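The values are calculated or read from the model by the stated rules, or taken from the named source; none is laboratory data. Everything numeric here is computed off the predicted structure, so don't read it as measured data. Here the Cβ positions follow ideal geometry from the backbone for every residue, glycine too, while neighbour counts run over all protein chains shown. Quick note on the areas: whole protein, heavy atoms, side chains included, nothing else; ligands and nucleic acids left out. Shrake-Rupley method; radii C 1.70, N 1.55, O 1.52, S 1.80 Å.
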Amino acid sequence: MSERSERTTGTAEPLGRADRVDSVDSATEVFVAHRNLLFTVAYEMLGSAADAEDVLQETWLRWVDVDLATVREQRAYLVRIVTRQALDRLRALGRRKESYVGPWLPEPLLTAPDVAEDVELADSVSMAMLLVLEVLAPTERAVFVLREVFDVDYDEIAEAVGRSPSAVRQLAYRARAHVSARRPRGIASPAEIRAALQAFQRAVETGDLQGLLDILAPDVVALSDGGGVRHALLRPIVGADKVARLLAAGWWKRDAARSVELVQVNGGPGLLVRVNGEIDGVVAVRVENGCVTGAYHVRNPEKLSRVERETALSR
């Protein structure tokens, strides 16, 4: 069911022109109060902050045309709009990814410590999880995100994705099975993550091959995304020896002044890499059982706009 049909069947009705000016202020207040939540929903569905922002703009244009007095649950109504817009965008993104040069990685976000403290939220926005979600069909992904991350009930999800509640339950079951078979399972304490990341940083900065071998898991995976604009790996590199040699050689750029800063990326540990003082890329790091199991290096300039300032996320 579309937003328009909802408004004309009693859930919400179009505004009259005389009330529009006052209504915009009220709509703005409600939208701003839920903005971080809506961005998080869109980002987890899309893996792209730029596309999530476009979805929020489209959501706002629809929201501002609604008579708030006739909306029973403002949060739920906004989530329905943003889900529908994100689904349309997700299908278009799938076509774009087919012609993407090299591995596609989610757009990294610099996040505040409070995101890492919410373990479920941090896991859901991690690079590793966002890549796992790529195996889901668009509607499956929407159902999984809404149910597993935001605890939206099945009836509400059904309204958002245009399916029956029973169909949504089946989609949720399939999505959970797909994700469970692929999601990282190791657990690391904050102290283990901090120690592993510091050791990883030292080894990367100094090119210490043995130091890297000591901290990398045997089956570690390294991926990089240059978008065809910057030099990057054209395929994943698997195995501690191969990844260590790659990192020790300085995979992002050789013969340049390089600095590496510890940061929080997508709710987890990461490194912000600068070359000659300019941001050159971000490496999101996955730590399990005290070892680095994944290194996700984003160099595509179009994906680095969110690593200079923190992005607020919520659920």
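How high is the relative contact order of the chain, given as a whole-number percent (alpha carbon pairs under 8 Å, six or more residues apart)? Could you put the intermediate results ahead of the total?
Details: 524 pairs, mean separation 65.5, N = 315.
Reported as a whole number, the value is 21 percent.
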Original post:
In whole Å, what is the distance between the alpha-carbon centres of segment 162-230 and segment 256-292?
Top reply: 14
Subject >> Dimensionless Rg ratio for segment 169-248, taking C-alpha atoms and the 2.2 N^0.38 Å reference >> reply: 1.40
**OP:** Project the alpha carbons of segment 225-315 onto their principal axes and report the range along each, largest first, in whole Å.
**Re:** 38, 34, 23
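Round to a whole number: what % of the accessible area of segment 205-315 belongs to carbon and sulfur, probe 1.4 Å?
46
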Original post:
In the chain, which helices (entire DSSP H runs) extend 18 Å or more along their own long axis, judged by Cα positions, while averaging at least -1.0 on the Kyte-Doolittle scale?
Top reply: 20-46, 49-63, 74-98, 165-182, 190-206
**OP:** Mind giving me the FRET efficiency for ASP118 and ASP25? R0 is 25 Å, r the Cβ-Cβ distance, nearest 0.05 is fine.
**Re:** 0.20
Original post:
How do 218-231, 235-248, 74-87, 123-136 rank on mean C-beta neighbours within 10 Å, highest first?
Top reply: 74-87, 123-136, 218-231, 235-248
**OP:** May I ask you to give the solvent-accessible area per residue for segment 252-315, in square angstrom, as obtained with a 1.4 angstrom probe?
**Re:** 42
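What's the Kirkwood radius of the chain in Å, using all Cα pairs?
Working: mean 1/r = 0.0483 Å⁻¹.
One over the average 1/r among Cα pairs gives 20.7 Å for the chain.
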